[in-house]
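All of the numbers you see were taken from the coordinates with simple rules; none came from a lab. Here the structure is a predicted model, which is why all the values come from computation and not from measurement. Cβ coordinates were reconstructed from backbone atoms using ideal geometry, including for glycine residues, and neighbour counts include every protein chain displayed.
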C-alpha cells in the first residue's frame, strides 16, 4: 500500500471518530433541549393562567364585571386547552362549574371551591414542573455520561493514533538517517530492509543499490590509492634532497632517510609526532621550522665535512567549496600543512668560492701590469721623449681609456670578491652628508667638463650627520654620477639632491637621459646584469650597481632606482641619520 493511501486512510479514520463524537454530543444536547422546552411550554403556561384568574377574583366580587369576566373565561378556556397532567382535567371542570355558579349568584361554598380548585391546578403543575425538572436533570447526567464516554474513547483513539502514526513515517526516516551516517563513515556493509511495499521500500532498494556501487568504487580506488601512496613514498625516499612534511596540526607526515640522517632522528618514531615537541630537543629542526633570520642557506656538518643546504618551504593549500546561496558555489582554500626541503648546494657553493677566489687572484694580478701600462702611457705623453703625430696621440688616448676601464673593472672585481667571501671591511665614521656629496662631485668634475654637463648640488642646511664608511659611500655616489654622465647628452644637467627624510639622509642623482625600461629596473642591482644599449655608450662590467647595493646595505641603508623612458633616471640611497 502506498504511503499516500495510508495517510488518507489514517486521516479518514480520524475524521470519522471526530464526526461520531460530534453526532453523539448533538443528539444528547437536542434531547436535553426538548425536555426543557416541554417544561416551559406546558406547565409554565398553566401557572400563568391560574395566576391571572386568581388576580381577577382577588380584585373583584361575583358576579364579575363583563370585562373581567371575559379575561377570566379566556384564561379558563386556555387552561382547558393546556391540560397535560393527571387530575388537571377534573380540576378544570370543577373550576368551570364553580365559576358559573358564582356568576349566577350562587355563592354558598362556591367561592371556596373556586379558590381551592385554582390552588389544586397550581399545585398539580408545580409538582409536574419539579418532576420534569428531575427528569431533565437525569437526562443531563446521562447525556454528560455518554458524552464523557465518547470523549474518552475519542481521546484514547486519537492518543494512540498520535503516538503510533508519526512513527510510521519517522521510524523509516530515522533508519535512513542512521544508514547515511554509517555510509559517511565508509561503512559500506550497511543495508536497509523494508517489507511494506510502499515508497520507503523502493527508496531502501535504491539506497542498497547505491551502497553496492559505492563499495565497488571504494574497493577499486583503494588499491590505486595504496599504489600511488607507495610510489610517492618511494620517490620521496630516493630523492637527493632532505624532505620533511607536516600536516595542518604540525604533526610529521613524512620524513625521508636523508632528512632523518641530517637531523639525527628516528624516521619511524618521528612520523606522527608534533614538531613543537621535536624542536625542543633538536636545534637543526628548530632552525628549519622556525628560522631566526631570513637567510635560507644552512651550513650543516654532514658526511665528515661541512655541507651547505638551501632551505625551501612551501605551504600546501587545497581548494574548499562552500555554498554561498542556492545557485552559487564559493571556492576558497585552506592550509593542509607544510613541506620543508633542504637542497644540497655544497657543490655549487664550492664552485662559487672557487670562482670568487679566481676572480680575486686574476684581478689582483691584473692591477700590476695595468699600472705599468698607465705609467708607460704617461711617459709617452711627455714631450721630452719626443713629439707624436695625431694618429699616435689618438691611439694613445684609446689605450688610456681602455686601461682606465680595465683598472676600474679589476677594482670592482676585487670589491665583489671581498663581499662574496665575507671579507668586506667597513670603516665607520661620523661624516657630514654635504662633504660626501662634494667628494663625489670633485671626482667626476673633469669627466663632466669634457661633455659640458652641469653638476647641480641641492643640499639642505643643518643636515644630521651619518655613520658610514665615507670612502665606500663616496664610491657609490661616484658610480651613480659616472653612469649619469655616461648616459646624458652634452650640455645637459645632472642634479644631486641631499636631504633628510624619516630619520634618514637621502642621496639621489637625477639625469635627463633616455631612461630605463621598467622590465630592466628590477634586475639593475643584480651582478653582471647590463641594460642593453644602442652601442653608443660603452657598458661596464655590470658589477657597479651590485657592489653599490652591497655597500649601502652593509651600512644599514636602502638603495633603489626610479626611471621612465624619455624622462631620465633617478638613483637614490638612504643612510640612517645620527643625532
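Take the Cβ atoms of residue 491 and residue 314, set R0 to 51 Å, and the FRET efficiency comes out at 0.40. Treating the range 426-578 as a set of equal point scatterers at the Cα positions, no solvent, please give the Debye-formula log₁₀ I(q)/I(0) at q = 0.09, 0.11, 0.20, 0.21 Å⁻¹. Values returned for q = 0.09, 0.11, 0.20, 0.21 Å⁻¹ are -0.26, -0.40, -1.33, -1.45. One decimal place: the segment residue 287-residue 77 gains 62.8 nm when fully extended, by the rule 0.36 nm per residue minus the C-alpha distance. For a modelled paramagnetic label at residue 517, 7 Å from Cα along Cα-to-Cβ, the residues of the range 480-496 in reach, with backbone nitrogen under 20 Å, are 487-488.
With r as the distance between the Cβ atoms of residue 397 and residue 459 and R0 = 30 Å, compute the FRET efficiency 1/(1 + (r/R0)^6) and round to 0.05. Given R0 = 30 Å and the Cβ-Cβ separation, E is 0.30. Computed from the Cβ-Cβ distance with R0 of 30 Å, the FRET efficiency linking residue 451 to residue 554 stands at 0.40.
Between the range 559-576 and the range 434-480, the alpha-carbon centres lie 15 Å apart. One chain, two ends: residue 193 and residue 51. Fully extended at 0.36 nm per residue, the span grows by 42.7 nm beyond their Cα-Cα distance.
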